[in-house]
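Novice: Next up is a structure, given as structure tokens.
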Amino acid sequence: AQNASDMLTSAIALVKNGEALTPELASRSRALSSDLEKTAIPSMNEIVRVGSINSNAQATRILLTQADPAFEKMDAYTNSLLDEAKIGQADALQRAGALGRTISWLSLIVSVVGIVIGGLLAWMVISRIVKMLGEIISGLGEASDQVNSAAGQISATSQSLAEGSTEQAASLEQ
């Protein structure tokens with residue numbers, strides 16, 4: 001019987017602590033534990049004392065009139081904690097879903113921005129390469145024109161030499 005009183009004292013200490021609770025619930029928890037310390041523990045001790053002298057009727061009366069209302073308050077408080085936990089869980093799920101959607105949108109936006117930046121960089125690199133190739137082709141075209149001009153001059157000079165040789169050969173024959 002003393003063990004039941006110790007267990008009740010331990011349970012009240014846990015309720016009184018209320019570390020993981022919201023400030024409002026922690027305040028309610030401390031108020032309940034104070035009420036339980038004032039009513040439930042003395043009632044349990046009295047029930048144990050009366051039960052030890054074999055007065056079950058008196059122990060039952062104390063249980064029903066003093067301890068039971070305190071336990072009903074504790075039960076109501078426990079149910080309110082469960083309700084708060086369910087509400088908190090639903091709220092957490094809703095916030096997690098919203099966060100997930102936000103992260104999905106941000107990922108999409110970052111991906112699109114990355115693709116646009118990559119496309120712009122590729123366009124800039126390609127346009128510079130095309131410009132450089134155009135300059136190289138233009139330079140090759142000018143060099144080709146110069147080679148063509150030089151070939152034309154060599155051809156004209158060669159033809160002029162050939163005519164001069166032909167004339168000299170004709171003049172030597174005469």
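Novice: Among (1) of a type in the set (A, V, I, L, M, F, W, C); (2) open to solvent by 90 Å² or more (accessible area, probe 1.4 Å); (3) over 30 Å from S29 (Cα atoms), there is one condition A143 misses while meeting the rest; what is its number?
Specialist: (2)
Novice: Also, I was wondering about something else. Enumerate the pairs (first residue in segment 30-54 and surrounded by 15 or more Cβ atoms within 10 Å (Cβ to Cβ); second residue anywhere and of a type in the set (D, E, K, R) and at pLDDT 75 or above) with beta-carbon separation below 8 Å, excluding pairs fewer than 6 apart on the same chain, so at least 6 apart or on different chains.
Specialist: Final answer for the pair search is L32/K73; D35/K73; L36/K73.
Novice: If I109 satisfies every condition in (1) modelled with pLDDT under 80; (2) farther than 29 Å from M7 by Cα but one, which is the exception?
Specialist: (1)
Novice: Related question: In contact with a Ser or Thr (Cβ under 6 Å, 6 or more places away or on another chain) and either of a type in the set (A, V, I, L, M) or not in a helix (DSSP H, G or I) (or both), is that true of A85?
Specialist: no
Novice: Now a separate question. State yes or no: is L25 open to solvent by less than 80 Å² (accessible area, probe 1.4 Å), at pLDDT below 85, within 28 Å of the chain's Cα centre (by Cα) and not small (G, A, S)?
Specialist: Against the criterion (open to solvent by less than 80 Å² (accessible area, probe 1.4 Å), at pLDDT below 85, within 28 Å of the chain's Cα centre (by Cα) and not small (G, A, S)), L25 does not qualify.
Novice: Considering each residue of segment 55-64, count those that are surrounded by fewer than 16 Cβ atoms within 10 Å (Cβ to Cβ), closer than 24 Å to A76 by Cα and over 56 Å from the mean Cα position of the chain (by Cα), and give that number.
Specialist: 2
Novice: For segment 52-66, does any single residue satisfy the condition of being of a type in the set (A, V, I, L, M), over 20 Å from K38 (Cα atoms) and part of a loop (DSSP other than H, G, I, E, B)?
Specialist: Looking through segment 52-66, at least one residue is of a type in the set (A, V, I, L, M), over 20 Å from K38 (Cα atoms) and part of a loop (DSSP other than H, G, I, E, B).
The values are calculated or read from the model by the stated rules, or taken from the named source; none is laboratory data. Everything quoted here is computed from the prediction, not taken from an experiment. Don't worry about glycine lacking a Cβ; one is built from the backbone with ideal geometry, like all the others, and counts go over all protein chains shown. These area figures cover heavy atoms from the full protein model, side chains too; ligands, DNA and RNA do not enter into them. Shrake-Rupley method; radii C 1.70, N 1.55, O 1.52, S 1.80 Å.
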